[in-house]
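Here the structure comes first, spelled out in structure tokens, and everything after it is commentary.
The values are calculated or read from the model by the stated rules, or taken from the named source; none is laboratory data. What you see is a predicted model, and the numbers here were worked out from it, not measured in a lab. Neighbour counts are summed over all protein chains in view; Cβ atoms, including those assigned to glycine, are modelled from backbone coordinates with ideal geometry.
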Amino acid sequence: MTDPGMTEVELKLAVHGTFSLPDLTVDPSVAEVRQDEPQDLWASYWDTVDLRLARHGVTLRRRSGEPGGPRWTLKLPLPDHGADGAG
């Protein structure tokens, strides 16, 4: 479970086949490095018939297989502040 005082960031990156992950244990900005046991997770994504959520950049997911039982997640797009930062 994520600490409510922390922000979760999920990144998906495409890397070259020869890429090697650096040793993160020597980076002072990394709080913890651990190897967890593999988990089997199942995700179901939900939307309206006319895909209203997807059209607005919204993702509604129900994921099961994690400790604590199934969990619903709603991801909303970040506000668009334009190039000048004004909303």
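Regarding Pro77, is this residue loosely packed, with under 10 Cβ neighbours inside 10 Å, within 16 Å of the chain's Cα centre (by Cα) and of a type outside the set (Val, Ile, Thr)?
Working: loosely packed, with under 10 Cβ neighbours inside 10 Å: yes; within 16 Å of the chain's Cα centre (by Cα): yes; of a type outside the set (Val, Ile, Thr): yes.
In short, yes.
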Residue that is surrounded by the most Cβ atoms within 10 Å (Cβ to Cβ) [pool: residues in segment 30-51 that are assigned to a loop (DSSP other than H, G, I, E, B) and at pLDDT 95 or above]: Asp47
